[in-house]
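Working notes, beginning with the structure itself.
The values are calculated or read from the model by the stated rules, or taken from the named source; none is laboratory data. Owing to the predicted nature of the structure, the values given are computational and were not obtained by experimental measurement. Cβ placement follows ideal geometry from the backbone for every residue including glycine, while neighbour counts extend to all protein chains displayed. In case anyone asks, the SASA skips ligands and DNA or RNA and just uses the protein heavy atoms, side chains included. Shrake-Rupley method; radii C 1.70, N 1.55, O 1.52, S 1.80 Å.
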2 protein chains.
Amino acid sequence: MASRTSSPLLHPDESEFDLFAVMSALTDPVRLNIVLQLSAGSGKGCGTFGLPIAKSALSRHFRVLREAGVIRQRDEGTLRVNTLRREEMDRRFPGLLDLVLQEAPSRS
Amino acid sequence: MASRTSSPLLHPDESEFDLFAVMSALTDPVRLNIVLQLSAGSGKGCGTFGLPIAKSALSRHFRVLREAGVIRQRDEGTLRVNTLRREEMDRRFPGLLDLVLQEAPSRS
């Protein structure tokens, strides 16, 4: 899914996380579904989430999550792998991801 | 500010609070400012927040907060008084309002 010619994958430092950008990122049902799936295990390739939306739209959702600091993306060969930045989120905003993951199943 | 002929003030029960509606309500800077001001004391009339926006827009912001369960509104004579539903929010979503109030001053 990732274009190898695209700009580098920028990630905010933990100290730069913005609670309101994070909450805004987490209020979208598609992004919530992505976070829920990532919480269940280790990294997942962008094409493995089984979401019925266009690749371009999905890419935007991953970007919003990455720019808010919720996920980390890295390229492994032709695969773009996503992981949840769980520990950093938990340190900066204790309890937030727990709440979101607890309430998400009723929504996504 | 309140119209005495408008529909009744509906408030969700604590059990009906939706985390994502609450987070969405709290990501707007005007609503964040309202919540921050309400956290400092007891009830405040709608016209006392000193926000430089039109009454109609301000009314919509109060409604979003009320419908998400973040604030309670009641009419006292000609005044519509707003209070934070702090205890109920804290019970349903422990730590969320604390986080928001802690991070809000840098945003509003």
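Under a 1.4 Å probe, what is the accessible area of region A:3-108 per residue, stated in Å²?
Accessible surface, normalised per residue, equals 50 Å².
Ligands, DNA and RNA aside, B:Ser59 has an accessible area near 50 Å² when probed at 1.4 Å.
When B and A come together, around 1600 square angstrom of accessible surface is lost from both chains combined, probe 1.4 Å.
The ratio of the alpha-carbon radius of gyration of the protein assembly as shown to the globular-protein estimate 2.2 N^0.38 Å is 1.15. Per residue of peptide A:18-26, the mean number of Cβ atoms on other chains within 10 Å of the residue Cβ is 6. A:Leu9 label point (Cα plus 7 Å toward Cβ) to equivalent points in the other copies: 4.9 nm, shortest first.
Its residue count N sets the reference 2.2 N^0.38 Å, and the alpha-carbon radius of gyration of chain B equals 1.00 times that reference. Given a 1.4 Å probe and the protein chains as shown, A:Thr48 ends up with an accessible area of around 70 Å². When the accessible area of the protein assembly as shown is computed with all protein chains present and a 1.4 Å probe, what percentage of it is carbon and sulfur? Here carbon and sulfur together make up 50 percent of the probe-accessible area.
Per-residue ellipticity at 222 nm computed for the protein assembly as shown from its helices equals -12500 deg cm²/dmol, with DSSP H segments shorter than 4 residues left out and the rest contributing -39,500 (n - 2.57). Starting from the label point of A:Arg74 at 7 Å along Cα→Cβ, the same points in the other copies fall at 5.6 nm, in ascending order.
Take A:Asp98, move 7 Å from Cα toward the beta carbon, and the resulting point lies 1.0 nm from the same point in each other copy, nearest first.
Bridging of A:Lys44 to aspartates and glutamates at a Cα separation below 15 Å is possible for A:Asp75, A:Glu76, once same-chain residues fewer than 8 apart are set aside.
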